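S.K.: Would you mind keeping the following structure in view while I ask a few things?
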Amino acid sequence: MRVLVTGGAGYIGSVVTAQLIAAGHDVTVLDDLSTGFADAVPTGATFVKGTVRDCAAEVLAEDIEAVLHFAASSLVGESVANPAKYWSNNLGGTISLLEAMREIGVRKIVFSSTAAVYGEPERTPISETDPTRPTSPYGASKLAVDTTLSEFARLYGFGPVSLRYFNVAGAQQAADGQWLGERHNPETHLIPNVLASATSDRPVQVFGEDYPTPDGTCLRDYIHVADLADAHLRALAASRTGQHRIFNLGNGAGFSVRQVIDVCREVTGADIGVEVGPRRAGDPAVLVASSAKITEELGWHAGRDLRAMAADAWAFTQARAQR
């Protein structure tokens, strides 16, 4: 299948691209490199530099049969400070992509959504039927895309699949030996920041240790990026004309901040320091998504544990340091 991956030079997009190529698909990556990296595009993919607004129609005209859509702005804090950017990029850019798909006749799309659409949940683990009440423009813009996809399915016979997940971690080694992992500026994800502390004197910042959890720190859902990519390939195969399918992706239990730090200490062999500060406003004690629906319908589950996530992320960090 000829597939377009928007945002395929980014973290998750690059790993999904590598798995698509390994599965025998012909992949074109469209990325403006605003947050992605040209050297992260896996060997074997065709790379086009540009935005979905400017280039999607031209790329789709090259016999593309399906789209996996990752191109988006994704920093919660920035979305609060600059909401217009998030509505323009995430919703506006996606509508431009969908219109180009409609005109050319491409109907399959897998959308990288987020469990942030649920906001602060009433219960955990969160299921697909729980209320959607996003607390940031980032989450709201992603929910708006989900609504738009439902309309394109109803009106134009699209077969969209949305995948909603929280924290993605780990790295994957491509067939040519290249490690694909996290490179964000600024880095806001816990595991890369903990691993960075392993090679410096900077302690890890822990926000609150008095939550109603087993060790007092926040409990969060983490999924290995390779498992996540597998879910996207399954979703691509599960596209159904005229139906918008939505699946949560979760590990079912979650890991605390302390657990993450302890596993990173084990993996790196470093005595990683910790600096505890007050809670951050709006941080729920527990955020975990249920993957029962996608397990039942598509046979997917999170197969790699926290240690595998930390170990692969550390291998990526070391590979980058040796360049």
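The values are calculated or read from the model by the stated rules, or taken from the named source; none is laboratory data. Keep in mind that what you see is a predicted model, and the values were worked out from it rather than measured. Quick reminder, even Gly has a Cβ in these numbers, built from the backbone with ideal geometry, and neighbours come from all protein chains shown. Each accessible area value is taken on the protein alone, full model and side chains, heavy atoms only, with ligands, DNA and RNA left out. Shrake-Rupley method; radii C 1.70, N 1.55, O 1.52, S 1.80 Å.
S.K.: Does Thr17 meet the test of being more than 24 Å from Ser150 (Cα to Cα), surrounded by 24 or more Cβ atoms within 10 Å (Cβ to Cβ) and of a type in the set (Ser, Thr, Tyr)?
M.R.: Taking the combined requirement at face value, the residue satisfies it.
S.K.: Please work out which one of (1) under 23 Å from Gly10 (Cα atoms); (2) modelled with pLDDT of 95 or more is the condition Glu103 fails and give its number.
M.R.: All conditions pass for Glu103, except number (1).
S.K.: Could you list all residues from segment 191-220 that are open to solvent by 30 Å² or more (accessible area, probe 1.4 Å), assigned to a strand (DSSP E or B) and closer than 12 Å to Val274 by Cβ?
M.R.: Correct list: Gln205, Phe207.
S.K.: Among the residues of segment 242-301 satisfying the criterion of being within 21 Å of the chain's Cα centre (by Cα) and β-branched (Val, Ile, Thr), which is farthest from Glu120 (Cα to Cα)?
M.R.: Looking at residues that are within 21 Å of the chain's Cα centre (by Cα) and β-branched (Val, Ile, Thr), I get Thr295.
S.K.: Give the residues of segment 46-56 that are touching a Ser or Thr at 6+ places or on another chain (Cβ under 7 Å) and either open to solvent by less than 50 Å² (accessible area, probe 1.4 Å) or in contact (Cβ under 8 Å) with a residue 24 or more places away in the chain (or both), sorted by residue number.
M.R.: Hits for segment 46-56 are Val48, Val52, Arg53, Ala56.
S.K.: Moving to a separate point now. Give me the residue from segment 268-323 that is more than 30 Å from Arg234 (Cα to Cα), of a type in the set (S, T, N, Q) and without any contact (Cβ under 8 Å) to a residue 40 or more places away in the chain and, out of that set, surrounded by the fewest Cβ atoms within 10 Å (Cβ to Cβ).
M.R.: Gln322
S.K.: Looking for whichever is more than 20 Å from the chain's Cα centre (by Cα) and open to solvent by less than 60 Å² (accessible area, probe 1.4 Å) here; the options are Val67, Val59. Which one fits?
M.R.: Matching residue, one of Val67, Val59: Val59.
S.K.: In segment 161-192, what count of residues is obtained for those that are within 12 Å of the chain's Cα centre (by Cα), of a type in the set (A, V, I, L, M) and closer than 17 Å to Asp312 by Cα?
M.R.: Final tally of qualifying residues: 2.
S.K.: Output the residues belonging to segment 251-309 that are of a type outside the set (D, E, K, R), part of a helix (DSSP H, G or I), touching a strand residue (DSSP E or B) at 6+ places or on another chain (Cβ under 9 Å) and more than 27 Å from Ala198 (Cβ to Cβ).
M.R.: Ala292, Ile294, Leu298
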